[in-house]
Number of protein chains: 2
Amino acid sequence: MRQRGERQIIVLADGGFDLLEAKTAVGVIRYGIDRVVAVVDQTHAGKHASDVVGIGTDIPIVPTVGDALAIAPTSNTLLLGTAPRGGILPASWRAQIVQAMRAGLDVINGLHAFLNDDDELAPIAAECGVTIWDARRAPDSHRVADTRAHALPATVVLTVGSDCNVGKMSTALEIDAMLRRRGRTSVFVPTGQTGIMIAGWGVSIDEVISDFTAGASEDLVMEAAKTASTSSDIILVEGQGSLVHPGYSGVTLSLIHGSAPDALILCHQSSRTQIRRYTLPIPSLSDLVALHRAVTAPVKAAPVIAISLNTFGMSEEDAQAAVGRATAETGLPATDPVRYGPGVLADAIEAFSRARAAS
Amino acid sequence: MRQRGERQIIVLADGGFDLLEAKTAVGVIRYGIDRVVAVVDQTHAGKHASDVVGIGTDIPIVPTVGDALAIAPTSNTLLLGTAPRGGILPASWRAQIVQAMRAGLDVINGLHAFLNDDDELAPIAAECGVTIWDARRAPDSHRVADTRAHALPATVVLTVGSDCNVGKMSTALEIDAMLRRRGRTSVFVPTGQTGIMIAGWGVSIDEVISDFTAGASEDLVMEAAKTASTSSDIILVEGQGSLVHPGYSGVTLSLIHGSAPDALILCHQSSRTQIRRYTLPIPSLSDLVALHRAVTAPVKAAPVIAISLNTFGMSEEDAQAAVGRATAETGLPATDPVRYGPGVLADAIEAFSRARAAS
């Protein structure tokens, strides 16, 4: 497989290239170090990525992989860029994946369905001499968490959320980048397929057997602690799901107790009132702060120290009002790290880290 | 494999036949419908099961499988009766399992390590014409929970706990049996290997990939709802782990949100002050009641309606005092269902069910 930095990526997101479905595609476009040369999606063909998801003014959207290969002949990697519910490979994608492999492209796959196990696709990859990377493939780890990450020198910060797909990964990536610009040693810990594709390591913890999910989370933090090893260093763990999500709350709690954060950043999409795809209301920010206090306290206390809002699609006036309301309601610093930069959140972490080192 | 009711079981619990480690063995002896004819454990050889775990006055403990076969020549099933941390097969057990299979015994295995996948043991089982049942083998389910169990006619009750191995399964089994004696339609829902071995169905939910653990829990309740289908029926779900357990809390929360109980029974071992194998203190009963209220409220509110205490090893006076303290602290009915019978708990559920049907 081509290494990070050497890839030229065609994103396959057919039928789902939008902010709701194409989290992986958008994450790789925004934060990846490899160039995305085209997006394949019939429903938006003819536009540019930026027309649909707000970034990628130079990335054309084309109807088929054949069209993408024609306009970007130097492309060398096909990335499956949506994460459909349940993670099953859409049947219509098979022919397009085969076409890409026959053109010599490696495949990066973030679905639950592993292409290396696929009776049709795996032999074709071998025949074409290309590599399939199943980014969600979890290590065969069978270790129950033992609290080994409870007392590290570095400050461990986990992003948590009011729902899926509200900005937990982006928040962690934005803060990590700013802390490093400020000269801090900071390590981003990827816990899902998009973060893994961006950072080049990590474990898709929702793919781990549930008895061992906290253990796998712990292992990731211990790995980061090899680099972020002093009391002035920061480990930023990518959060998953939400404590109030009916399907994924267990993944979230495993990550909270396994990664054993010192502090939390609570992420929320300001315009969202219900859990996505469910009819459940999202609790207030102050109720969410209290809930996280309640579940962390018995194992390792970890206060929410700041609020990260996703104000995508809102007017500037509404976004500012949302930030103001968040602070008024919770008494915590708040911002939208994509719209306004992550300075407020990075400041909160630095202050917390200093206080922790002094105590 | 011999069917439930036709088995004569040798329990292999070598080195671990005690209440701390042999949860599966004790559960099958206490609640199973098949006869346990011997227990294999070198460390307690010469005693009877009742000398070590309080039940099984007619079950001899012998040092080897060979000894068990000699004294119980009609035995037809070997049950691996401990659940070691991480679930790995102790190396010393292999020769004993082979000896049992060569003598024609089926094997029931509750470990994470699947014997049907074992390169040594699986071929020998085939050669001997015996069956291995890996009770923890989870179905290949990839369904995210969708709240389909949120509004069933029957009252769904989940046992939750202050820690692992405090009596969540026993409490559910004791109540289920009493409700059926009272003429109720009640279904016990097994969620772990011992419950599965006792009831003959179920899913070991801690073995499910964490994204789908809540979905698997939901499926189990939906299966039970085929039998317990009216508003006067009860579904009793076996709890797993604890919200305050650093390793297993995610399994617990997946089960809580997936099984979508109407009410909870909180289980606790009165003499225990720390999470077993960890140095974390167990919160007070009232704090645990509040924590369960906090995590259920945003998805589906489910009050704790009674406390089930495990007072094993305590004097009668201390046990009565513990029950009194639990009620004084929480304001809820409390009892030890094994020591005093589950009447108090069954009463609480029947009262809750009546109030729910009337509302």
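Computed from the coordinates by the stated procedures, all read-outs in this text should not be read as laboratory data. Please read these numbers as outputs of a predicted model, since none were measured by experiment. Cβ sites come from the backbone with ideal geometry, for glycine too, and all protein chains shown count toward neighbours.
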**Request:** About the Cα centre of region B:155-358, how large is the charge dipole given +1 on each Lys and Arg Cβ and -1 on each Asp and Glu Cβ? Please answer in debye to the nearest 20.
**Result:** 260 debye
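Can you give the charge dipole size of region A:8-134 about its Cα centre, rounded to the nearest 20 debye, using +1 on the beta carbon of Lys and Arg and -1 on the beta carbon of Asp and Glu?
With Lys and Arg at +1 and Asp and Glu at -1, about 300 debye.
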**FRET efficiency for A:R339 and A:R181, using Cβ-Cβ distance with R0 set to 22 Å, rounded to 0.05** = 0.75
**Fill in**
the protein assembly as shown -> Rg/Rh from Cα coords, Kirkwood Rh, value 1.00
**Request:** Working from Cα positions, state the angle (0 to 90°, nearest 10) between the long axis of helix A:213-224 and the longest principal axis of chain A.
**Result:** 90 degrees
**Request:** Find me the longest stretch of chain A that has none of the exposed GluC sites (Glu not before Pro), where exposed means in a DSSP loop (not H, G, I, E or B) with at most 16 other Cβ atoms within 10 Å.
**Result:** A:121-359
**Fill in**
In whole Hz, the Karplus estimates of ³J(HN,Hα) for region B:281-289 (6.51, -1.76, 1.60; θ = phi - 60°; x where Gly or Pro) are x, 7, x, 5, 4, 5, 5, 5, 4
**Message:** How many angstrom lie between the Cα centre of region A:128-198 and the Cα centre of region B:15-42?
**Reply:** 42 Å
**Request:** With everything on Cα atoms, drop me the angle between helix B:168-181 and the longest principal axis of chain B, reported from 0 to 90° to the nearest 10.
**Result:** 80 degrees
**Message:** Please compute the contact order of chain A in relative form: average sequence separation of alpha-carbon pairs under 8 Å and at least six residues apart, divided by the residue count, as a percent.
**Reply:** 14 percent
**Item:** Charge context of A:A302, other residues only, Cβ under 12 angstrom, K/R +1, D/E -1
**Value:** +2
**Asked** So how long is each side of region B:155-358 along the principal axes, counting just the alpha-carbon atoms, biggest first, in Å?
**Response** 43, 37, 34
**Item:** Label-point separation, A:I71 to A:N116 (7 Å along Cα→Cβ), nm
**Value:** 3.3 nm
**Message:** Name the residue from B:S359, B:V130, B:G81 whose Cα lies farthest towards the positive end of the charge dipole of the protein assembly as shown, charges +1 on Cβ of Lys and Arg and -1 on Cβ of Asp and Glu.
**Reply:** B:S359
**Request:** Choose one of A:A13, A:A25, A:V53: the residue whose Cα lies farthest towards the positive end of the charge dipole of region A:8-134 (beta-carbon charges +1 Lys, Arg; -1 Asp, Glu; about the Cα centre).
**Result:** A:V53
**Asked** Counting partner chain Cβ atoms within 10 Å of every residue's Cβ in B:297-309, what's the average?
**Response** 2
**Asked** In whole Å, what three semi-axes, largest first, describe the equivalent ellipsoid of region B:8-134 built from its Cα gyration tensor (square root of 5 times each eigenvalue)?
**Response** 22, 16, 12
**Request:** About the Cα centre of chain A, how large is the charge dipole given +1 on each Lys and Arg Cβ and -1 on each Asp and Glu Cβ? Please answer in debye to the nearest 20.
**Result:** 700 debye
**Prompt:** Rounded to the nearest 5, what is the percent of antiparallel bridges among the DSSP beta bridges in region A:218-359?
**Reply:** 10 percent
**Request:** Determine the sum of side-chain charges near A:S170: Lys and Arg each +1, Asp and Glu each -1, restricted to other residues whose C-beta is under 13 angstrom from that of A:S170.
**Result:** 0
**Message:** Rg and Dmax in Å for region A:122-259, alpha carbons only: what are they?
**Reply:** 15.5, 50
**Prompt:** For helix A:343-358, what angle does its Cα long axis make with the longest principal axis of chain A, in degrees from 0 to 90 and rounded to 10?
**Reply:** 50 degrees
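Net charge near A:G192, counting Lys/Arg +1 and Asp/Glu -1 over other residues with Cβ under 12 Å of its Cβ?
-1
For region A:32-72, what relative contact order do you get, as a whole percent, if you take Cα pairs closer than 8 Å and at least 6 residues apart?
42 percent
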**Message:** Relative contact order of region B:88-176, please, whole-number percent, based on alpha carbon pairs below 8 angstrom and at least 6 residues apart.
**Reply:** 22 percent
**Fill in**
Ranked output for segments B:336-349, B:136-149 by mean other Cβ atoms within 10 Å, highest leading, reads B:336-349, B:136-149
**Message:** With bins 5 Å wide starting at 0, give me the P(r) of region B:1-78 over every alpha carbon pair, in whole percents.
**Reply:** 3, 18, 31, 27, 16, 4, 0
**Prompt:** For region A:290-336 and region A:239-256, what is the separation of their Cα centres, given in Å?
**Reply:** 18 Å
**Request:** Rank B:I235, A:V65, A:T327 by how far each Cα sits towards the positive end of the charge dipole of the protein assembly as shown (+1 on Lys, Arg Cβ; -1 on Asp, Glu Cβ) and give me just the farthest.
**Result:** A:T327
**Asked** In nm, one decimal, shortest first: how far is the label point of B:A126 (7 Å from Cα along Cα to beta carbon) from the matching points in the other copies?
**Response** 2.1
**Prompt:** Volume per residue, Å³, of the convex hull around the alpha-carbon atoms of chain A?
**Reply:** 133 Å³
**Message:** Restricting to bridges with both residues inside the protein assembly as shown, how much of the DSSP beta-bridge set is antiparallel, in percent to the nearest 5?
**Reply:** 5 percent
**Asked** So which trypsin sites (Lys or Arg not before Pro) in region A:1-82 pass both tests, a DSSP loop state and at most 14 other Cβ atoms within 10 Å of the Cβ?
**Response** A:R4
**Asked** Based on DSSP, what percent of beta bridges with both residues in chain B are antiparallel, to the nearest 5?
**Response** 5 percent
